[in-house]
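Below is one structure, written out as structure tokens; the observations come after it.
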Amino acid sequence: MKIDLDELEALLPELVPEEYIEYVEASDRSVLRKRGFDPKTLCILNLELRENDETGWTRNRFFLSGDGFGNYYFVSTEPERSDRVRLWSHDPPGIEDAQEDLESFLDSAQQENPARGPLPPKSFCIARSAAWAESILRPISLDEWKVAVSACKGVQYRGYRSGQDPFTGKELRFDMPGFATAEVGGGTLNLRLWCGRVIGDYVAEARPLLTSLAHALGAKLTVRAGG
């Protein structure tokens, strides 16, 4: 699926900085795409971060890349914004100045969130997009996922993960919308809807079940069995 500047602005209204638009228009599109700072890559990155934002930390920010450690470079989209690149840090929480403007950052940075490449080893993905990592552009909704799960024998929708308190032995529950389980081959298969795709660890015994779910969702199953 192609994403150009007009589509990027439509999908991220009021969030795309004019400086980025000017940079793209002055760049060789093939080089920009190869480096991972093209409109599609940044559209996917920003949509995914907003999809999983529960506290509002993505508001008024146009994200450019991660740093490989769960922190993200961005420029502000406030009316008085500058083109200074900043780093949002989650641990310790805070905002750091990256000491670069947007143009110099895009000229030299490495894209840590390329939205392409193979699945992780021994995993599966159910997605509607041609490339699994682009699922947020043709997402499976939570309501659609719940309907598919309810119609599939042996799959149970939970919406949370559970663990055990090491001190009291009591069950602990952690909210995780889109989380479901299935009993397969004598074990429990975890299935999670995340960023418009269903993902989990792959076992061969689960293929018929996963194929059935993919068919029900109008999606395709992608598997990476080995390392």
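The values are calculated or read from the model by the stated rules, or taken from the named source; none is laboratory data. Because the structure is predicted, anything quoted here is derived from the model rather than measured. All Cβ positions, even for glycine, are placed from backbone atoms using ideal geometry, and neighbour counts span all protein chains on display. All accessible areas refer to the heavy atoms of the entire protein, side chains included, with ligands and DNA or RNA removed. Shrake-Rupley method; radii C 1.70, N 1.55, O 1.52, S 1.80 Å.
Between amide H atoms placed 1.01 Å from N, distances below 5 Å from Ala98 occur with Val85, Arg86, Leu87, all of them 5 or more places distant or on a separate chain. Maximal additional length on extending the Arg33-Leu47 stretch stands at 3.3 nm, based on 0.36 nm per residue less the C-alpha distance.
Other residues with beta-carbon under 12 Å from the beta-carbon of Phe179 carry, at +1 per Lys or Arg and -1 per Asp or Glu, a net charge of +4. With N set to the number of residues, divide the alpha-carbon radius of gyration of region 1-91 by 2.2 N^0.38 Å and report two decimals. That works out to 1.04 for region 1-91.
Rounded to the nearest Hz, the phi-derived 3J(HN,Hα) couplings of region 14-25 under the Karplus curve 6.51 cos²θ - 1.76 cosθ + 1.60 (θ = phi - 60°) are 6, 10, 8, x, 4, 5, 5, 4, 5, 5, 4, 5, where x marks glycine and proline.
Fully extending the segment from Ser141 to Glu183, taken as 0.36 nm per residue of separation minus the present Cα-Cα distance, adds 12.8 nm.
What does the charge count near Ala127 come to, summing +1 for each Lys or Arg and -1 for each Asp or Glu among other residues with Cβ under 15 Å from its Cβ?
Summing Lys/Arg as +1 and Asp/Glu as -1 gives +3.
Taking 37 °C and 0.692 mPa s as the conditions, I'd like the Stokes-Einstein D for region 115-178 in µm²/s, using the Kirkwood hydrodynamic radius from alpha carbon pairs. D = 226 µm²/s.
Mean residue ellipticity at 222 nm from the helices of the chain, using -39,500 (n - 2.57) per DSSP H segment of n ≥ 4 over the full residue count, to the nearest 500 deg cm²/dmol? Write down the numbers at each step before the final one.
Details: 7 runs with 61 residues, N = 227.
Value at 222 nm, helices only: -7500 deg cm²/dmol.
Placing dummy labels 7 Å off each Cα toward the beta-carbon, the span from Phe167 to Leu87 is 3.4 nm.
Sorting Lys220, Lys122 on solvent-accessible area from highest to lowest, probe radius 1.4 Å, gives Lys122, Lys220.
What does the charge count around Glu54 come to, taking other residues whose C-beta lies under 14 Å from its C-beta (Lys +1, Arg +1, Asp -1, Glu -1)? With Lys, Arg at +1 and Asp, Glu at -1, the net is -2. The residue list Pro166, Ser27, Leu42 was ranked by how far each Cα lies along the charge dipole of the chain toward its positive end, using unit charges on Cβ atoms, and Pro166 comes out on top. For the pair Arg116 and Glu54, a Förster radius of 35 Å applied to the C-beta separation gives a FRET efficiency near 0.85, rounded to the nearest 0.05.
In debye to the nearest 20, how big a dipole does the chain give about its Cα centre with +1 on each Lys and Arg Cβ and -1 on each Asp and Glu Cβ? Show your work: numbers first, answer last.
Details: 27 positive and 36 negative charges, 344 e Å.
The calculated dipole for the chain is roughly 1660 debye.
Take the Cβ-Cβ distance between Gln156 and Asp67 as r, set R0 to 35 Å, and report the resulting FRET efficiency rounded to the nearest 0.05. It comes to 0.40. Extension gain, Glu25-Asp6: 0.36 nm per intervening residue step, less the Cα-Cα distance, totals 5.7 nm.
Percent of alpha carbon pairs in region 175-227 separated by more than 18 Å? It works out to 29 percent of all Cα pairs.
Here Lys220 and Glu103 are evaluated by their C-beta separation; at R0 = 35 Å the FRET efficiency comes out at 0.35.
Less than 5 angstrom separates the built amide H of Gly178 from those of Gly159, all sequence-distant by 5 or more or on a different chain. Among Gly68, Gly169, Gly185, the residue with the largest mean-square fluctuation in a Gaussian network model of the chain, with springs joining Cα atoms closer than 10 Å, is Gly169. Which links in Lys122/Lys153; Lys122/Lys220; Lys122/Lys170 stretch past 22 Å when you go from one Cα to the other? Too far apart for the 22 Å limit: Lys122/Lys153; Lys122/Lys170. Overall, the accessible surface of region 1-125 at a probe of 1.4 angstrom is composed of carbon and sulfur to the extent of 46 percent. If you bin all the Cα-Cα distances of the chain at 5 Å, starting from zero, the percentages per bin are 1, 6, 12, 16, 16, 14, 12, 10, 7, 4, 2, 0, 0.
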